[in-house]
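Scroll down for the structure; my scribbles are underneath it.
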2 protein chains.
Amino acid sequence: MSGELRVGLAGLGTVGAGVAQVLSDHARSLSWRAGRAIAITAISARDKTKERGIDFARISFEKDALALAERKDVDAVVELIGGEEGIARALVEQSLRAGKHVVTANKALLARHGAGLAELAERHGAALKFEAAICGGIPIVKALRESLIGYGISAVRGILNGTCNFILTQMEATRRSFAEVLAEAQRLGYAEADPTLDIGGGDTAHKLTLLTSLAFGTVPDLEGVAMTGIDKVTPADIAFAGEFGYRLKLLGVARRTANGIEQLVHPAMVRARTPLADVESSFNAVSADAGEAGPFFFQGRGAGRGPTASAVVADLVDVARGAFGPAFGRPATELAPARREPPDARKSAYYLRFQALDVPGVMAEISRHLANELVSIESMIQRGRAPGEAVAIVMITHEAQHVAVVRALKAIAASDKIVEAPCMIAMEAA
Amino acid sequence: MSGELRVGLAGLGTVGAGVAQVLSDHARSLSWRAGRAIAITAISARDKTKERGIDFARISFEKDALALAERKDVDAVVELIGGEEGIARALVEQSLRAGKHVVTANKALLARHGAGLAELAERHGAALKFEAAICGGIPIVKALRESLIGYGISAVRGILNGTCNFILTQMEATRRSFAEVLAEAQRLGYAEADPTLDIGGGDTAHKLTLLTSLAFGTVPDLEGVAMTGIDKVTPADIAFAGEFGYRLKLLGVARRTANGIEQLVHPAMVRARTPLADVESSFNAVSADAGEAGPFFFQGRGAGRGPTASAVVADLVDVARGAFGPAFGRPATELAPARREPPDARKSAYYLRFQALDVPGVMAEISRHLANELVSIESMIQRGRAPGEAVAIVMITHEAQHVAVVRALKAIAASDKIVEAPCMIAMEAA
């Protein structure tokens, strides 16, 4: 491990340029931490000529990113191309096969192929590091892999997507609709032109899948995530949440239960004035129950140049020091199969909202269907009268079986007194 | 690094027994992370015979802790004796000199002798690790040393003493006096029989000193901490804080300024509904400004068996993997001298409370003395009238020189209309 760590950088967008910048600006202090220098020796990007403020005099340029995996003067490859297949996957696989260390921000690739890639890394004595893949500004991968290891983890919960949290906090502050706030977020650059991966929960699911594996030592199981996005959330539900003493957040939740591991991505009610509930704007946060070591909570910037570049550089320093263990905290061959909690074991308290005609008997009908499914009501709000017109009936249930509540809502929705599909949102511990 | 890591454990109180328990209960998963087994081979404690639920059959017992430093079958010494001199210091020094790795929870020792010990460790190729010394349940040492390293740190703020935060939140909730709440905390075991080190700010200063070194790469400078405890805090000040939209917290603060590094331990006003302000009960928390990587915030359990044992075990796993760099993030010989910010450069906004006779001219007199020192008032509360008797006059100033405010208060206190020493509390950013 003498001599410098020679880095091949694939992808020179805003994050890649940030990584190059940090390695150059802080070369001395980073080499103190790493025990040796870290230098970019080769780069691959779509467009070499674009001005990025980087001096390419000592750096080779490869048109084909895959060439980085073959270069003799590259010890570690930083993959910032993205995508769960194609060139990114090929580059990571070929680099590992060539015994090169890999640092990546590619959550989709790892959520889909993490176990196989971890095995490949170990077989070839290479590091596979991905702090930048989950909330760059929060060192949660390192914390789960290296710090909160004494007593095991029973649950992880996170606000893992800054775009969704920005939209929900804006909807709350302005009482505007999801569509309006999304449009504004797109105008401001807080949301992508195609926001599906964010608002549909897919991005959160990728990150949750990795947190689950790190927390429980299981094979990443993206397909095992039950996923609901935020596009159906209304300002009315956010306001009612406030009246009950809750805030509405898109959470990724992984829990170890008696029957397996439950992975959920869903808008959820979180009790106000708790750490997760208080996360504002585009911040990310993760909480974990770490047994006797206590609950812990991290908050920071999730995405963007600075947080992501910072995470990549921290991983490179670990690689340079030779300080890396197995990708998911235990040998890939020892990762436990993902035992999914059966859907009918899923339980929670729920927030329910019905838009019902203000006519006699409607509460009786709703109550009867809930009682039939053994769903009992903890508290309720019904305000304002509008005889013959639709009013909101809002309630929070005691803990109930998820499938039972779904069945009850289906029966209630069939009533001619109910004018739109009922809304159902889970309550989550903070 | 083949074979097991053999640990000598000095101090078998609640934390030491916790470490032994975790190493035994989670042996397999820890060895996966460490790449090899970790086994306690020798123990030193005051009383061998006390029942601790540990099987000593395979473990040697030393009456004299210093003997652990000499044993051939010990690779790493865990120091849980405590105290900045005496046996703890001798054990750490002798262990490092013998090339043994050291893991310690001893903040006082490191705050006082950290630079020398770090140098000793490096000279002998040994690790010096101390995650357990600062908020055990929060991996802040690792975060500062290994994660938030891309852009440098400009400020660190922490609620570093659970006893003080418990007392302050109890005073707020019950409106009882400091003395009453302290007595209750002692009864409940949340405060020591001699609580001086906690409530006087000394414990926070020890931890802050280490955070400062980790954040700024400077020699630990305990003497450079300006320290004020919480024993003068009144329920009235806590209530007024609430009216202004703040909460009162004992903070450790380290800031890099144009003139040097400022280290403060003091009760401070923190804006309500921000992460630090929301820290309840005996929890600990640390926030840091990490440049382009963004602000970040950690919260968790600070002390007690679980959090501390968890931190010690995480350090042992790093030692077993060979994953350790220099103790304070850069070679001990490269630690920068601690350049203290000159006291007269210290600036802040301040909360001020005067107990004044309700007679004409008192406000004029207070205002004149503040104006003389160029201290201007941002907002003020004066409520209730009691002609001829004492009332509270409470205000928040704009940013002002600390020494100027102190001079103004001295002049004001000399007035015969002021009936007790004025109260002065700094405002802190969240």
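The values are calculated or read from the model by the stated rules, or taken from the named source; none is laboratory data. All values reported here derive from a predicted model rather than from experimental measurement. Cβ: placed from backbone, ideal geometry, glycine included. Neighbour counts: every protein chain shown.
Laid out as a table, the results:
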item: Any hit, the range B:340-347, residues being part of a strand (DSSP E or B), closer than 30 Å to B:LEU128 by Cβ and among the charged types (D, E, K, R); result: yes
item: Among residues of the range A:258-300, those that are at pLDDT 95 or above and basic (Lys, Arg), counted; result: 1
item: Criterion (farther than 27 Å from B:ASP73 by Cβ, basic (Lys, Arg) and surrounded by 24 or more Cβ atoms within 10 Å (Cβ to Cβ)) met by exactly one of B:LYS129, B:LYS142, B:LYS107; result: B:LYS107
item: Residue list for the range A:32-45, restricted to those being touching a residue at least 12 places away in the same chain (Cβ under 8 Å) and at negative phi; result: A:ARG33, A:ALA34, A:ARG36, A:ALA37, A:ILE38, A:ALA39, A:ILE40, A:THR41, A:ALA42, A:ILE43, A:SER44, A:ALA45
item: Given (1) in contact with a helix residue (DSSP H, G or I) (Cβ under 6 Å, 6 or more places away or on another chain); (2) away from chain B (no Cβ under 14 Å); (3) over 22 Å from A:LEU210 (Cα atoms), index of the condition A:LEU68 fails; result: (1)
item: Search result, residues across the range B:266-287 that are assigned to a strand (DSSP E or B) and in contact with a helix residue (DSSP H, G or I) (Cβ under 7 Å, 6 or more places away or on another chain); result: B:MET269, B:PHE283, B:ASN284, B:VAL286
item: Cβ pairs under 8 Å, 6+ apart, first in the range B:89-106 and assigned by TED's automatic domain parsing to the domain that holds B:VAL312 and modelled with pLDDT of 95 or more, second surrounded by fewer than 24 Cβ atoms within 10 Å (Cβ to Cβ) and among the aromatic types (Phe, Trp, Tyr); result: B:HIS101/B:PHE324
item: Given (1) modelled with pLDDT under 95; (2) more than 20 Å from the chain's Cα centre (by Cα); (3) not hydrophobic (A, V, I, L, M, F, W, C), index of the condition A:ASP318 fails; result: (1)
item: Residue pairs meeting the criteria (Cβ under 8 Å; at least 6 apart or on separate chains; first touching a residue at least 40 places away in the same chain (Cβ under 8 Å) and within 14 Å of chain B (Cβ to nearest Cβ), in the range A:119-131; second surrounded by fewer than 24 Cβ atoms within 10 Å (Cβ to Cβ) and among the basic types (Lys, Arg)); result: A:GLU131/A:LYS142
item: Residue that is nearest to A:LEU248 (Cα to Cα), among those in the range A:372-404 that are at pLDDT 95 or above and hydroxyl-bearing (Ser, Thr, Tyr); result: A:THR397
item: Checklist (1) more than 9 Å from every other protein chain (Cβ to nearest Cβ); (2) farther than 24 Å from B:ALA345 by Cβ; (3) surrounded by 21 or more Cβ atoms within 10 Å (Cβ to Cβ) applied to B:VAL270, failing item; result: (2)
item: Residue among B:ALA179, B:ALA155 that is surrounded by fewer than 21 Cβ atoms within 10 Å (Cβ to Cβ) and in contact (Cβ under 8 Å) with a residue 40 or more places away in the chain; result: B:ALA155
item: Any hit, the range B:64-73, residues being among the hydrophobic types (A, V, I, L, M, F, W, C), part of a loop (DSSP other than H, G, I, E, B) and crowded, with 20+ Cβ neighbours inside 10 Å; result: no
item: Meets criteria (crowded, with 21+ Cβ neighbours inside 10 Å, farther than 21 Å from B:GLU292 by Cα and over 30 Å from the mean Cα position of the chain (by Cα)) for A:LEU5; result: yes
item: Residue in the range A:29-41 that is more than 30 Å from B:ALA332 (Cβ to Cβ), modelled with pLDDT under 95, surrounded by fewer than 21 Cβ atoms within 10 Å (Cβ to Cβ) and away from chain B (no Cβ under 14 Å) present; result: no
item: Matching residues in the range B:304-347 - criterion: being over 23 Å from A:LEU316 (Cα atoms) and buried (at least 22 other Cβ atoms within 10 Å of the Cβ); result: B:GLY306, B:PRO307, B:THR308, B:ALA309, B:SER310, B:ALA311, B:VAL312, B:VAL313
item: Residue among A:PRO331, A:PRO342 that alone is farther than 20 Å from A:CYS423 by Cα and either within 8 Å of chain B (Cβ to nearest Cβ) or aliphatic (A, V, I, L, M) (or both); result: A:PRO331
item: The lone exception for A:ALA111 - which of (1) part of a helix (DSSP H, G or I); (2) over 17 Å from A:GLY329 (Cβ atoms) it fails; result: (2)
item: Top-ranked residue of the range A:278-302 - restricted to ones that are more than 10 Å from every other protein chain (Cβ to nearest Cβ) and either surrounded by fewer than 20 Cβ atoms within 10 Å (Cβ to Cβ) or over 14 Å from the mean Cα position of the chain (by Cα) (or both), ranked as nearest to A:ARG247 (Cα to Cα); result: A:SER281
item: Failed item, numbered, when A:VAL312 is tested on (1) within 14 Å of another protein chain (Cβ to nearest Cβ); (2) part of a loop (DSSP other than H, G, I, E, B); result: (2)
item: Odd one out for A:ARG407 among (1) touching a Leu at 6+ places or on another chain (Cβ under 9 Å); (2) assigned to a helix (DSSP H, G or I); (3) among the charged types (D, E, K, R); result: (1)
item: Some residue of the range A:315-325 being closer than 27 Å to A:LEU276 by Cα and within 8 Å of chain B (Cβ to nearest Cβ); result: no
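Conditions (1) over 20 Å from A:PRO235 (Cβ atoms); (2) exposed (fewer than 14 other Cβ atoms within 10 Å of the Cβ), marked per residue:
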residue	(1), (2)
A:ASP358	yes, no
A:SER379	yes, yes
A:ILE393	no, no
A:VAL403	yes, no
A:ARG407	yes, no
A:ASP416	yes, yes
A:CYS423	no, no
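A quick yes/no check of all residues on (1) among the aliphatic types (A, V, I, L, M); (2) closer than 18 Å to B:SER310 by Cα; (3) part of a helix (DSSP H, G or I):
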position	(1), (2), (3)
B:ARG33	no, yes, yes
B:GLU51	no, no, no
B:PHE61	no, no, no
B:VAL77	yes, yes, no
